[in-house]
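The values are calculated or read from the model by the stated rules, or taken from the named source; none is laboratory data. Please read all numbers here as calculations on a predicted model, not as lab measurements. Positions of Cβ are backbone-derived with ideal geometry, glycine not excepted, and every protein chain shown enters the neighbour counts. Surface accessibility is based on the protein's heavy atoms, side chains included, excluding ligands, DNA and RNA. Shrake-Rupley method; radii C 1.70, N 1.55, O 1.52, S 1.80 Å.
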Amino acid sequence: MNPRPRRLRLAFVITAVLLLAGGSLGYILHARHRAGPLPQAGAEASFDTGQPGLYFRDATTGRVARQSGDGAARVAGGPSCERFHAAGEHALCLRKLPGTPARTEAVVLDRRLREVRRVTVPGIPTRARVSASGQVLAWTTFAAGDSYAASGFSTRTSILDLRTGYLVKSMEQIPLTLGGARHHSPDVNYWGVSFAGDDNRFYATVSTGGRTHLVEGDLRNWSAKALRENVECPSLSPDGTRVAFKKKVSDDPREPWRLYVLDLATMTEHALAEPHGVDDQAAWLDDSTVAYALPGADGRTSDIRSVPADGTGAPVLLVPNGSSPVAVS
């Protein structure tokens, strides 16, 4: 048999397959281009509504949700986040990426919870904060370990200024004044940033030499000074006069901290009425109320509770199965 017709038929079949495949690929690419980026969840939980509400991470779905008032039903449908915070014109969503080593995706969102910018950093997401204007954001990840009570952990805290687009990937090199002198040490770790209303001054925790300190920082001058020992995860009150924080009161790894409030003018502190240990960066709902996440009864999820900031009263359950509370107007 003449092999030429066979070769011609084979060539025809291969050509047809390639043309079909190319056409299919072209259609797919054209369809993707025509469809644009994948739609984002979040319209239902948008805080571009003009109505105040409590926003939080719904533990059942892992998505951002909103609750408009006491006893109101939650409105879900926001983006999936492990840590969330919002203020002013922007929100911050932290997501743990799959795989090893651990990496976190910090996603900046607008008031409709649509993505504005995305940054990937090493570590496990743990703290997120947005300044009152929404223009300056900070987040903290664990580079190792999964609890502040664990030994040998390391943190990385980043600061992003949306006004300039400038990103500080790690603030460990910020000049630190401790005990009145410039402090240099390889074990310096920062976490839990909270911004003042001027988008310049901030408070944070620094750990060095086995001790934690509250620091006051200056973004423009890029400097930080220690104010007080044994202060973790500070949260500045809306009026800028007080800081809610975690204070270590026990060596018991199950509940080493209690919630306190520090008056910045007098440097006096008082305990809040929450009797349980709190491992969270508290959030001020207003100038007189602090909210925070506490492990739920099942030990697997967390509930959002609030307590008066003056040390009186008793804790109130705000949202079952929630975390990362923030009041947004």
- request: Find the all-direction average of the projected area of the Cα convex hull for the stretch 99-205, expressing the result in square nanometres with one decimal place.
  value: 8.0
- line: So the carbon and sulfur contribution to the accessible area of the stretch 224-329, 1.4 Å probe, in percent, is 49
message: For a quick check: with amide H placed at 1.01 Å from N, whose amide H comes under 5 Å from residue 303's, ignoring anything fewer than 5 positions away on the same chain?
response: 294, 296, 321, 322
statement: So the compactness index of the stretch 255-298, its C-alpha Rg divided by 2.2 N^0.38 Å, takes the value 1.25
- request: Just read off the accessible area of residue 96 with the full protein assembly in place, 1.4 Å probe, to the nearest 10 Å².
  value: 80
- prompt: What does the highest-first list of 173-181, 124-132, 194-202 look like by mean Cβ count within 10 Å?
  reply: 124-132, 194-202, 173-181
message: Given the whole protein assembly as supplied and a 1.4 Å probe, what does the accessible area of residue 170 come to in Å², nearest 10?
response: 40
- prompt: Taking square-rooted eigenvalues a ≥ b ≥ c of the alpha carbon gyration tensor, is the stretch 272-329 rounded, prolate or oblate, where a/c under 1.5 means rounded and, failing that, a/b exceeding b/c means prolate?
  reply: oblate
- line: Placing +1 on each Lys and Arg Cβ and -1 on each Asp and Glu Cβ in the stretch 279-329, then taking the dipole about the Cα centre, the residue among 324, 297, 284 whose Cα reaches farthest towards the positive end is 297
task: For residue 227, list long-range residues whose amide hydrogen, built 1.01 Å from N in the peptide plane, is under 5 Å from its own amide hydrogen.
output: 214, 215, 216
- line: Any residue on another chain or 5+ positions along whose placed amide H is under 5 Å from the amide H of residue 113 is listed here as 47
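Could you work out Rg/(2.2 N^0.38 Å) for the stretch 147-296, with Rg from alpha carbons only?
On the way: Rg = 15.1 Å, N = 150, 2.2 N^0.38 = 14.8 Å.
So the stretch 147-296 has a normalised radius of gyration of 1.02.
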task: Pull out the extension gain between residue 73 and residue 218, defined as 0.36 nm times the separation in residues minus the alpha carbon to alpha carbon distance; nm, one decimal.
output: 48.1 nm
- prompt: Any idea what the dipole of the stretch 208-266 comes to, in debye rounded to 20, about its Cα centre with Lys/Arg Cβ at +1 and Asp/Glu Cβ at -1?
  reply: 60
query: Using the alpha carbon gyration tensor of the stretch 232-329, what are the three equivalent-ellipsoid semi-axes (square root of 5 times each eigenvalue), largest first, in whole Å?
result: 21, 17, 11
